[in-house]
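Engineer: My structure is below; once you've seen it, I'll send some questions.
Readers should treat all values here as calculations from the given coordinates under stated rules, not as data from a laboratory. Just so it is clear, the structure is predicted and the values come from calculations on it, not from any experiment. Because the Cβ atoms are built from the backbone with ideal geometry, glycine has one as well, and the counts that use them run over all protein chains shown.
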Amino acid sequence: MVREAITSSTRRRFIKSAGVAGTVALAGCAGNSDNSGDGGSSGGDGDSSDGGSSGDTRSESYELTFWELFSGGEGPIMESIVNKFNEEQPLDTDAEVTINRQRTPWNEYYNKLFTALSGGEAPDMAIMHAAYLRAWDGGIDAIGSYADTASIKGDYTESHWDLVTVNDNVNALPMDMHPIGVYYNKDLFEQAGLDPESPPTNWEEFRQAGDAVVQNTDAHAFTQSPYNDGFGSFRTWSSWVKQQGGSLYDDEWNPTFDSEAGMNIAQLFSDMTGDMGWAPATSEDTWGNNAFQNGTCAMAMNGTWYVAALSGVDDLNWGFFEPTVGPNKQQDTVWADGHSIVLPKKEGRSDAKSEIAAEVAHWMTTQNPSWGAEAGHLPAANSIYESDTFQNSPYYDKTLNKYVEMAEDGDYFYHPKVPNGDPNAQNWYTWLVDIWAQNSEPQAAIDSGIQTVSNGISE
């Protein structure tokens, strides 16, 4: 079972002495300095010890500002985790520690965080996608500065630990991994003459299933992303490119996806909305999600988080299968990224407070099986996988056990941690939507994509 609190012995091995935290240094930091999405400052620190040296006696209370970006089904779960901490005070310390949670929408979040770092108003803790940990290296304090990472490494799966490690530095504590998979409508499969309990396991079966849906029902076969967005399209496209043995970048971060594999999957996207007739040639951002949820699209590629959206849809009899169904497959490999908790650089935050923040991050990432059981993500902590809460999750048999199986088989490749720019930016991948919508020929779109991504990294 999962531990309920950080014990005295855990705390002794966790804390690591460190020098005074550095001031904000943003060399290599990603983001846009436009502060139009800034929802306000982070607020006061709330403890009287800040500004003192590392030898000062801790005050009676610490308020940690914590920024996050979760919405939909994930938002209430994160809120419940924070409330649990504030109510139960699980750390083994005489000080009262409270988390001041502040949520910013995803499309504003990183701009706001960048602006806060630039202006010296950073939060004490923040959620950060692992893909940003290299580009934002200059704006965060490595967890190893305030925790004995060698002692806590065993609390996390090896895959998650690798996810937050950049150039041998542990830059964050991992909270989850969120890969993609294929969600499918069992009723439409049955109407198409398919076995709803035996979804596709390879390209031939996947192709046959899609064709059967188109030929035998009034529904569409597949959406590459429920929201028809560039980044969602990239997750699907890059997974199938990698399955063909293709690469995305070389060792010097030059994009390399203008390869045979990259072109093959670009052509497949074009064919799916063209000659194959699997989906309409549209760039409408709500098409795929609406069609899948209202039962007029049989299959949708999306991440672990999609279960939260589907759980509220009445009469949708859905299943899930592994996305290792790309054509001409040479290897099983699937896109994945993950949420992590970082300590942004913050002038004036004492070492004592930073150590407390690191402990809180450890508690949040290891003591809350609800993040996997209810939000559908692959939890980072080893102990959570054995917990009753996780294994009794309503999503365990539907999605989680298959995601776990892919993790155990080493099927995941991480969303590349580029040295600069925003690898989650929609405008890096709009060329994929252009292919899907028949607005651009595959070769011209890939050429445009190479130029866009190259410019994004070099800016």
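Engineer: Relative to the compact globular guide of 2.2 N^0.38 Å, what is the alpha carbon radius of gyration of region 174-287, as a ratio?
Structural biologist: 1.17
Engineer: Starting from the amide H of residue 340, placed 1.01 Å from N in the peptide plane, find each other amide H under 5 Å away whose residue is 5 or more places distant or on another chain.
Structural biologist: 128, 129, 130, 175
Engineer: Just to confirm a number: summing +1 for Lys and Arg and -1 for Asp and Glu over residues other than residue 345 whose beta-carbon lies under 12 angstrom from that of residue 345, what do you get?
Structural biologist: Once all neighbours under 12 Å are counted, the net charge is -3.
Engineer: Just subtract the alpha-carbon distance of residue 427 and residue 281 from 0.36 nm times their residue separation and send over the number in nm, one decimal.
Structural biologist: That pair, residue 427 and residue 281, stretches by 50.6 nm at full extension.
Engineer: Only helical DSSP H runs with n ≥ 4 go in: add -39500 (n - 2.57) per run for the chain, normalise by residue count and round the 222 nm mean residue ellipticity to 500 deg cm²/dmol.
Structural biologist: -10000 deg cm²/dmol
Engineer: Under a crude label model (7 Å from the Cα following the beta-carbon direction), how far is residue 88 from residue 60 in nanometres?
Structural biologist: 2.6
Engineer: Filter the GluC sites (Glu not before Pro) in region 383-427 down to the DSSP loop ones having no more than 13 other Cβ atoms within 10 Å, then list what survives.
Structural biologist: Of the GluC sites (Glu not before Pro), the ones in loops of region 383-427 whose Cβ has at most 13 other Cβ atoms within 10 Å are 386.
Engineer: Mind checking the log10 I(q)/I(0) for region 326-428 at q = 0.10, 0.11, 0.24 Å⁻¹? Debye, one equal scatterer per Cα, no solvent, two decimals.
Structural biologist: Log-scaled intensity ratios, in q order: -0.42, -0.51, -1.23.
Engineer: Here's something else I'd like to know. How big is Rg to Rh over the chain, alpha-carbon atoms, Rh as the Kirkwood inverse-mean-distance radius?
Structural biologist: 0.98
Engineer: Find how much the distance from residue 150 to residue 443 grows on full extension, using 0.36 nm per residue of separation minus their present alpha carbon separation; answer in nm with one decimal.
Structural biologist: Contour length minus Cα-Cα distance gives 100.7 nm.
Engineer: Quick one: what Rg and Dmax do you get for region 276-338 from the alpha carbons, in Å?
Structural biologist: Reported Rg and Dmax, both Å: 13.6, 39.
Engineer: In this model, which of 84/402; 346/417; 242/417; 112/345 are farther than 20 Å apart at the alpha-carbon?
Structural biologist: 84/402; 346/417
Engineer: May I ask what percent, to the nearest 5, of DSSP beta bridges between residues of the chain are antiparallel?
Structural biologist: Roughly 60 percent of the beta bridges in the chain run antiparallel, per DSSP.
Engineer: When Lys and Arg each count +1 and Asp and Glu each count -1, what net charge do the other residues less than 10 Å away from residue 405, Cβ to Cβ, add up to?
Structural biologist: Summing Lys/Arg as +1 and Asp/Glu as -1 gives -3.
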